[in-house]
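Remarks on the structure that follows.
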Amino acid sequence: MSNAAVITPVGGPTLAQERRLVTAIPGPRSQELLDRKASSVAAGVGHTAPIAAVAAGGGVVVDADGNSLIDLGSGIAVTTVGNAHPKVVAAVQAQVAQFTHTCFMVSPYESYVAVAETLNRLTPGDFPKKSALFNSGAEAVENAVKIARKYTGRPAVVAFDHAYHGRTNLTMALTAKAMPYKSGFGPFASDIYRAPMSYPFHDKLTGPEAAARAISMIEKQVGADNVAAVIIEPIQGEGGFIVPADGFLPAIVDWCHANGVVFIADEVQAGLARAGAMFASELFGIVPDMVTTAKGIAGGMPLSGVTGRAEIMDAAHTGGLGGTYGGNPVVCAAALAALDVIEHDGMIERAQQIGEILLGRLRALQAGDPRIGDVRGAGAMIAAEFVDPATGEPDAALTAAVAKECIAQGVIVLTCGTYGNVIRFLPPLSIGDELLNEGLEVVASVLAAH
Ligand code: PLZ
């Protein structure tokens, strides 16, 4: 049995902040774990980096062979404040020694209420708000839809092309991409409709034009009176870091408000400082009726939230919302610490700085490489879209090859996009400039070699 004992997992920013390859990736100890994984874990659960992680912090992930990889993925946009952030660690340790669980629906406790109060205060909108807590992003989305349906008494929900909202049955229906998320897993929840998204690099439409196209589809094919909610990621994540054209989101919000439709911003990936603002909605000047949060909210612990206008949130009858673990006390302690760091330790500014480094570097690369069709994003959520320069067609093969080789050279990068042709950069905000630049050097040299 392999046991990752060669490295003492110290965690946090005390971990040596360096890219260090002492074996090929995967090294023997990592390979041993991957072999065990192959024979014991369901094949459907994939992995991006072929390593056995034993520690992570600052801007690195350390594996069982002693390799230290630069982390440009944050475990898919989760460790915003940094992995094993000391304040999160301390909060978790204190809470876990106090009590681990009572179930908030059985014996409520203060930290859940404090997380709700914090989310109510931090989310956009100067009106009374309420929150409910769950475990995952998908569960938050499910509950936002439940609440919007109960509030409006209407069945239909509109999502967009390239959307990603999760892997549960309802959220699979809301998610756009068939492979790998949906194929073979149906039938899906009914009364879900898909509207065309604003995707400036591909559709060349202005925001108002793209909004008019979407609204026409909703009115003609769904019927405004049937729509409970429109749900959208203000900046789409898994779909390709798609930033809608200016004016698109405000027009959709206005239409929702004119038609009694609840506008839900899925901020699971872009929210909580990631996009260089507390919420990505702010970048577009919109105020959602409901916001879903998860990922960065609790420094790596599983927590999600739905926050919205009090009258909407209170539409669900008492006992209608909940779950055994939602807002678990250990996770809420982590969230209070992580949210405090996000709010008071300059995380929004840091996300903006990281964005400048990423954008500057990637735009310079793009200027000399026609395979980079587009560079886009906001804050520490930036991506490059790869195309065949001759045809403009998506180049998923190049994208996959570059990402794979970056990992082999000790830089964890993630791909995304409906066409699989986007490399996204989501570093923890605790990464240093030097390490970030080194990671981007590796990406540049790998790209040059392909
Ligand atoms: N909404 C906007 O980005 C999760 C998916 C990883 P869960 N994105 C990462 C994968 O391949 O499973 C996500 C998101 C947006 C909802 C979700 C779902 O969040 O916590 O994964 O359920």
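For the reader, a short list of remarks on this structure follows.
- The one condition in (1) touching a Phe, Trp or Tyr at 6+ places or on another chain (Cβ under 8 Å); (2) of a type outside the set (Phe, Trp, Tyr); (3) without any contact (Cβ under 8 Å) to a residue 24 or more places away in the chain that ALA390 fails to fulfil: (1)
- Filter result (away from the ligand (no atom under 15 Å from the Cβ), closer than 15 Å to ILE232 by Cβ and assigned to a loop (DSSP other than H, G, I, E, B)) within segment 138-187: none
- Residues that are within 11 Å of the ligand (Cβ to nearest atom) and either open to solvent by less than 10 Å² (accessible area, probe 1.4 Å) or not assigned by TED's automatic domain parsing to the domain that holds GLY237 (or both) within segment 267-295 comprise GLU267, ALA270, GLY271, ARG274, ALA280, THR292, THR293, ALA294, listed in sequence order.
- Checking the stated criteria, LEU362 turns out not to satisfy the condition of being open to solvent by 20 Å² or more (accessible area, probe 1.4 Å) and either more than 19 Å from LEU72 (Cα to Cα) or in contact with a helix residue (DSSP H, G or I) (Cβ under 8 Å, 6 or more places away or on another chain) (or both).
- Pairs where the first residue, in segment 153-181, is crowded, with 20+ Cβ neighbours inside 10 Å and the second is assigned to a strand (DSSP E or B) and among the polar types (S, T, N, Q), C-beta under 8 Å, 6+ apart: PHE160/GLN236; HIS162/GLN236; ALA163/GLN236; TYR164/GLN236
- You will find that of GLY66, GLY57, the residue that is crowded, with 24+ Cβ neighbours inside 10 Å, of a type outside the set (Ser, Thr, Tyr), in contact with a Gly (Cβ under 8 Å, 6 or more places away or on another chain) and outside the structural domain of MET278 (by TED's automatic domain parsing) is GLY57 and no other.
- Failed condition for ILE215, given (1) in contact with a Phe, Trp or Tyr (Cβ under 7 Å, 6 or more places away or on another chain); (2) assigned to a helix (DSSP H, G or I); (3) crowded, with 24+ Cβ neighbours inside 10 Å: (3)
- Count of residues meeting criterion [open to solvent by 40 Å² or more (accessible area, probe 1.4 Å) and either closer than 15 Å to VAL331 by Cβ or in contact with a Ser or Thr (Cβ under 8 Å, 6 or more places away or on another chain) (or both)] in segment 72-82: 0
- Hits in segment 125-142 (condition: farther than 14 Å from GLY327 by Cα and either crowded, with 19+ Cβ neighbours inside 10 Å or of a type in the set (Ser, Thr, Tyr) (or both)): LYS129, ALA138, VAL141, GLU142
- Listing of helices (runs of 4 or more DSSP H) fully contained in segment 15-126 that carry 2 or more residues being free of Cβ contacts under 8 Å to residues at least 60 places away in the same chain: 28-40, 86-98, 110-122
- Any hit, segment 298-307, residues being more than 16 Å from the ligand (Cβ to nearest atom) and at negative phi: no
- Filtered by the rule that a residue be surrounded by fewer than 15 Cβ atoms within 10 Å (Cβ to Cβ) and in a helix (DSSP H, G or I), segment 252-266 gives ASP254, HIS257, ALA258.
The values are calculated or read from the model by the stated rules, or taken from the named source; none is laboratory data. Computed from a predicted model, the values in this text were never measured in an experiment. Note that we place each Cβ from the backbone using ideal geometry, even for glycine, and neighbour counts take in every protein chain shown. Quick note on the areas: whole protein, heavy atoms, side chains included, nothing else; ligands and nucleic acids left out. Shrake-Rupley method; radii C 1.70, N 1.55, O 1.52, S 1.80 Å.
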